[in-house]
Amino acid sequence: MDKRIIKVILKIVVLSILVYAGIWIFDMYKFARGVQADAPKFTAQFNTTDIQNGDIIFQTSNSSQSKAIQLATNSKYSHMGIVYRIDGKLFVYEAVQPVKLTKFNNWINRGKNRHYVIKRLVNSDEILTQEILAKMKRIGDKFEGKNYDLYFEWSDDKIYCSELVWKIYKEGAGIEIGELEKLADFNLQNTIVQKKMKERYGENIPMDEIVISPAKMFNSDKLKIVLKK
């Protein structure tokens with residue numbers, strides 16, 4: 001083969017390699033810039049070291065009553081708990097059956113699509129001192145092992161999720177998060193809600209029963225979002 005032709009072919013091969021390498025380097029540069037830009041968002045969203053004692057966590061439960069609660073309260077969220085950090089590990093103190101401490105990851109895994117939101121008192125640094133947190137923990141301990149309250153009664157004999165967190169904050173820190181309501185204030189028109197109410201109460205629905213819903217606590221202006229996934 002003619003040497004000139006060989007030289008041309010070699011030049012073409014070298015040029016092709018250089019072009020390919022240039023494209024690859026440019027793509028890697030864009031990828032690295034993208035990772036760098038997203039890093040703060042990723043850290044803000046997933047850095048669990050920022051979670052504190054007393055934070056309140058919300059999720060959409062997969063329980064049989066979840067849809068009825070969502071419809072009745074016009075809320076995406078139907079279950080909640082209070083976060084404890086014990087020996088560097090995260091737990092959620094919650095009212096299920098019975099009231100208990102649940103490992104954080106186990107709690108997350110039970111929720112719909114593992115989605116959750118963590119909220120915190122707007123002025124938590126001023127209010128949630130170590131003394132207050134210790135008092136809240138003592139208040140919460142008195143409910144441990146108690147049965148879940150299927151009838152949403154305002155008593156300490158049995159207890160449901162939002163009632164547990166509300167009472168811990170009220171009795172431990174003197175703070176009411178969310179407005180108390182009556183059953184009559186809920187949206188009870190949907191057939192799913194009516195079916196669940198009849199299943200629980202029969203024909204004698206206690207419309208005047210005081211309740212606190214996850215929705216009212218979630219929407220409280222006393223809380224701010226600190227983590228969402």
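Remarks
- Fully extending the segment from E181 to D156, taken as 0.36 nm per residue of separation minus the present Cα-Cα distance, adds 7.3 nm.
- Both radii come from the Cα set of region 93-229: Rg as radius of gyration, Rh as Kirkwood radius; their ratio Rg/Rh reads 0.97.
- With both labels modelled 7 Å from their Cα along Cα-to-Cβ, the D221 to Y201 distance reads 3.0 nm.
- Region 106-229, dipole about Cα centre (Lys/Arg Cβ +1, Asp/Glu Cβ -1), debye to the nearest 20: 800
- Region 53-166, accessible surface, carbon-and-sulfur percent (1.4 angstrom probe): 46
- Region 75-162 pair-distance distribution - Cα-Cα, 10 Å bins, rounded %: 15, 44, 36, 5
- Cross-link pairs K142/K196; K198/K229; K119/K198; K198/K228; K89/K119; K137/K158 - those with Cα-Cα distance over 24 Å: K142/K196; K198/K229; K119/K198; K198/K228
- Gap separating the Cα centres of region 67-135 and region 179-214, nearest whole Å: 23
- Label positions at R138 and Q194, each projected 7 Å from the Cα along the C-beta direction, are separated by 4.9 nm.
- A Förster radius of 22 Å combined with the Cβ-Cβ distance from N74 to R114 puts the calculated FRET efficiency at roughly 0.40.
- Cα gyration tensor category, rounded, prolate or oblate, for region 152-229 with a/c compared to 1.5: prolate
The values are calculated or read from the model by the stated rules, or taken from the named source; none is laboratory data. Remember, predicted model here, so these are calculated numbers, not experimental data. As a convention, Cβ positions derive from the backbone with ideal geometry for all residues, glycine included, and neighbour counts pool all protein chains shown. Just so you know, the surface numbers come from the protein's heavy atoms only, side chains and all, with ligands and any DNA or RNA stripped out. Shrake-Rupley method; radii C 1.70, N 1.55, O 1.52, S 1.80 Å.
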